[in-house]
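Here, each number is a calculation from the coordinates, and none is a lab measurement. As the structure is a prediction and not an experimental result, all values here were calculated from the model. With ideal geometry, Cβ positions are generated from the backbone for all residues, glycine too; neighbour counts draw on all protein chains shown.
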Amino acid sequence: MCISIKDKYIDPFTDFGFKHIFGTEKNKKLLISFLNDILELKDKIVDIEYRSLEKLGLKIYDRKAIFDVYCTDTKDNKFIVELQKSEQKYFKDRSIYYTTFPIQEQAKKGAWNYQLTKIYFIGILDFSMDIDLRYNKSKEDDRYSKYLTKVKLCDEDTKDIFYDKLTYIYLEMPKFRKTEQELSSHLDKWLYYLKNLNDVTSVPKILQNDDIFKEAFDVAEFLALDSDEQFAYQQDLKAKWDNYAVMEFAKEKAEFEGMQKGIKKGIKKGIKKGLEKGLEKGLEKGMKEGLEKGKAEGEKNAKLEVAKKLLDILDIEMIALKTGLTQEDITKLKEKNEN
């Protein structure tokens, strides 16, 4: 199946797009530039070696982790770069879990003093980790403007760094809202590139004199891909569109049904409270509670609708990972779907 691609540049928020730009040997200078900008290391990364994207557990029944990009530098420091497109409740837990693999693989046979090299996890998120901010776009909320979070183990009392070999960095892309004129650092330019690549038709003026971004735009041109790459990208883009369409329809339907149910309950509760404390005040509170409860029910129903679509192509663990539902929810859904 062929899709008509109208955009000049590929979407970096697809699996193919992200890995094509940052996850290939021929384009590794782009990843090196991005890592140096975001990590701000005293000793800059000069070269990297890509590692296997699939890390298996210690035993055959252990869970496995599949990273978007996994590499080491010349000092054997390890870097995991993970792109997450859909909202995930336990992404922080997932990032901690992922770093256990490069930790365990450093164990040596025989005598070993437990010395580890540094590990960096970089999560690029197309959603906000703060659930209450996902629907609050107010520029006045300071939390919404903090798009970069860096985390290390530190002393709770003194706030001094306790262990500097484990670093987690989270980029919440919806919070990055700088215009071309507001870009003040090389990292800002990278984030602007990622955020706007799929929407522009030429290299923005502020990036035109930077060789690394000239190359980044050249790499991302759809017509520069060979036929096999174009087909792979088209399939990946179609999967993204299909998932978005299913999620939006299910969300709208579930929210509408949930709101109807919530409004009825809210009105009933509001009338009761209104009779006690005043009809107007009671109805207002009841409607608000009903809408909030309806939205919560609607969101879960939307995720169940998406999970139902994925039952035939993914296992229960992966569906849980993609939707944020529990494995118990998905198991019940699967049993219900089979009956």
Footprinting proxy, Thr158, Thr74: sorted fewest to most Cβ within 10 Å, the residues are Thr158, Thr74
Segment Gln106-Ser145, length gained on full extension (0.36 nm per residue, minus Cα span)
10.3 nm
Exposure proxy check on Tyr97, Tyr120: fewest-to-most Cβ neighbours within 10 Å is Tyr97, Tyr120
Place the peptides 107-114, 323-330 in order of packing, highest mean first, counting for every residue the other Cβ atoms within 10 Å and averaging per peptide.
323-330, 107-114
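Which value results for Rg/Rh of the stretch 15-225 when Rg is the Cα radius of gyration and Rh the Kirkwood radius based on the inverse mean 1/r? Kindly include the intermediate steps, with their values, before the conclusion.
Working: Rg = 18.2 Å, Rh = 18.8 Å.
Using only Cα positions, Rg/Rh for the stretch 15-225 is 0.97.
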Extended-chain gain in nm, criterion 0.36 nm per residue less alpha-carbon gap, Ser227 and Lys268:
8.7 nm
If I stretch the segment between Met318 and Val200 completely, what's the gain in nm (0.36 nm per residue apart, minus their alpha carbon distance), one decimal?
39.2 nm
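Taking other Cβ within 10 Å of each residue's Cβ, how do His186, His20 sort, fewest first? Show your work: numbers first, answer last.
Working: His186 15, His20 21.
Ascending Cβ contact count within 10 Å gives the list His186, His20.
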What distance in nm lies between label points placed 7 Å from Cα along the C-beta direction at Ala239 and Thr24?
1.8 nm
Describe numerically, in nm with one decimal, the distance between label points set 7 Å from Cα along Cα→Cβ at Tyr97 and at Asp211.
4.3 nm
Arranged from highest to lowest average of other beta-carbon atoms within 10 Å per residue, in what order do the peptides 231-240, 79-88, 146-155 appear?
79-88, 231-240, 146-155
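Would you tally the net charge around Glu25, using a Cβ to Cβ cut-off of less than 14 Å, leaving Glu25 out, and scoring K and R as +1, D and E as -1?
Values: positive: Lys19, Lys26, Lys28, Lys29, Arg51; negative: Asp47, Glu49.
Computed value for this residue: +3.
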Once you have the Kirkwood Rh of the stretch 141-242 from its Cα pairs, apply Stokes-Einstein at 25 °C and 0.890 mPa s and quote D in µm²/s.
146 µm²/s
